[in-house]
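Heads up, the thing below is written out as structure tokens.
The values are calculated or read from the model by the stated rules, or taken from the named source; none is laboratory data. Predicted model only: the values in this text are computed from it and were never measured. Every residue, glycine among them, receives a Cβ derived from its backbone with ideal geometry; neighbour counts consider all protein chains shown. Surface areas here come from the heavy atoms of the whole protein model, side chains and all, with no ligands, DNA or RNA. Shrake-Rupley method; radii C 1.70, N 1.55, O 1.52, S 1.80 Å.
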Amino acid sequence: MRIGELTLKPFRNLQDLHVDFESDRELILGGNGRGKSNLLEAISYLSIGKSIRGARDREAVPHGGKYFDISARWHDGTRDRQLRVFYGQEEGKQVFLDGAALSRVSDVLSLFQSVHFSPEDVTLVLRFAAQRRRLLDILICQAESQYLHALQRYQRILTQRNRCLRGWRATPGPDELIGWDVQLCRLGGAIRHRRMRGLIQLEPDLTRFYRRISTAQEEVGVVYRGQVVSELDDAGLLSAEVMAEEMTTELAEYRDRERHAGHTLCGPHRDALTFTLDGVGADSYGSQGQLKGILVAWKMAEVRFLEGCSGQRPVLLLDDVFSELDEVRSAELVALVEDFDQVLLTAPRLPGEGICDRFSQLRMA
Ligand SMILES: Nc1ncnc2c1ncn2[C@@H]1O[C@H](COP(=O)(O)OP(=O)(O)OP(=O)(O)O)[C@@H](O)[C@H]1O
Ligand SMILES: [Mg+2]
């Protein structure tokens, strides 16, 4: 997969930007605050239909403006296509594929695929449980629209169930709760199963890439709901139905506590997903450099994962990836992305002698 032309008219501080990515190795250079991160954020809008940084759409509208408009030409492996994401304060958000409006913004997910790394995410994602779940969820949504629908339904039922728990002492009674439980567990089992299967697929690449980037000898690992992912395989993975039954038992155990708490205390929305270094939680003990190594390796593994699902390699967007890396690490990283289809890097200055020789340079004024 390759992105060719990109037009931002406007997006955040970029009022009218037209870029033609002629090469599949681009180094985007520019001083602080020029809009390098904004440019990569705009590209990922075309992949996921929302801000990869978790910003609200209206925050990406230029100050004093009323809308943003991102459009691009990209090659999906067989032909050139056009994608446009428009958001207006009055009109709302709309996505256009080859000029025709998509009925739902989320339909954009399986079209142009990209994977985005930003150093801002290192602390945010790796230190907070909810952000780690989001990392995995966004990835699986990019691969499978059914997963997004399951998550959305789960969230709706969870809201209903929580409302019901809060009102338990009055009406409605536990009978209504049981109705919600059945649906919640069915979806919860499916979500847990899909997450686990995704992790089993991803983990070998994560370890391989981490070994190449890290200076030390430590081993990275992933643990989901107390299970060490490297110890599992697809054959040993419990089915979605069995996971749904497990969740039913779990809910029964939590019932009294939930009644007091007034909300649902177990399920995929609370599951622990952790990264480990030599078996110890990286969120509590990892150094900044180690966490960065984990996230970069994870993102590279994401590219492989999505390629495995769609047969197309997503575009890799690496924002400010060289910061805090020495020249050896930086060179290693560039060597690692050698066989990726298209890689766009940003940096405030050239990363060091010879490191990005194969990259075309795009300077942001
Ligand atoms: N909605 C917006 N409207 C106008 N300007 C905005 C908006 N959102 C962000 N900006 C501006 O965009 C600029 C930051 O752009 P960006 O983060 O892309 O810079 P950068 O080139 O990545 O810088 P650095 O090298 O420091 O990472 C800031 O000056 C910020 O104030
Ligand atoms: Mg930046």
Inset, instruction - Show me 322-331, 136-145 ranked by packing, highest mean number of other Cβ atoms within 10 Å first. - result: 136-145, 322-331
Legend entry - Probe 1.4 Å, accessible area per residue of region 1-148, Å²: 43
Inset, instruction - Using just the helices of the chain, give the 222 nm mean residue ellipticity in deg cm²/dmol: DSSP H runs with n ≥ 4 each add -39,500 (n - 2.57), and the total is spread over all residues, rounded to 500. - result: -14500 deg cm²/dmol
Legend entry - region 3-139: Cα Rg divided by the 2.2 N^0.38 Å rule of thumb: 1.04
Inset, instruction - Take the Cα gyration tensor of region 199-332, multiply each eigenvalue by 5, square-root it, and list the three semi-axes largest first, rounded to whole angstrom. - result: 33, 19, 14
Legend entry - Derived scalar couplings ³J(HN,Hα) [region 271-276; Karplus, 6.51 cos²θ - 1.76 cosθ + 1.60; whole Hz; x for Gly, Pro]: 5, 8, 10, 10, 9, 10
Inset, instruction - Label region 133-172 by shape, choosing from rounded, prolate and oblate, from the square roots a ≥ b ≥ c of the eigenvalues of the Cα gyration tensor; if a/c is under 1.5 it is rounded, and otherwise prolate applies when a/b is larger than b/c, oblate when it is not. - result: prolate
Inset, instruction - Please compute the net charge surrounding G279, taking Lys and Arg as +1 and Asp and Glu as -1 over other residues with Cβ under 10 Å from its Cβ. - result: -3
Inset, instruction - Determine the relative contact order of region 121-311: mean sequence separation of Cα pairs under 8 Å and six or more apart, normalised by residue count, in whole percent. - result: 32
Inset, instruction - Compute from the Cα atoms of region 121-311 the Rg and the Dmax, the latter being the longest Cα-Cα distance, and quote both in angstrom. - result: 18.0, 60
Legend entry - Pairwise Cα inverse-distance average, inverted: Kirkwood Rh of the chain (Å): 21.9
Legend entry - E353-R153 FRET efficiency (beta carbon distance; Förster radius 45 Å; 0.05 resolution): 0.25
Legend entry - DSSP H segments from the chain that extend 15 Å or more along their own axis, Cα-based, with Kyte-Doolittle mean of -0.5 or above: 36-48, 129-143, 174-213, 288-310
Inset, instruction - Can you sort T123, T274, T78 by 1.4 Å-probe accessible area, starting with the largest? - result: T78, T123, T274
Inset, instruction - Excluding residues on the same chain fewer than 8 positions from K9, give the lysines whose Cα lies under 29 Å from its Cα. - result: K36, K50, K66, K93, K299
Legend entry - Extension gain (nm, one decimal) between E246 and E91, 0.36 nm per residue minus Cα-Cα: 51.3 nm
Legend entry - Whole-percent carbon and sulfur share, accessible surface of the chain, 1.4 Å: 47
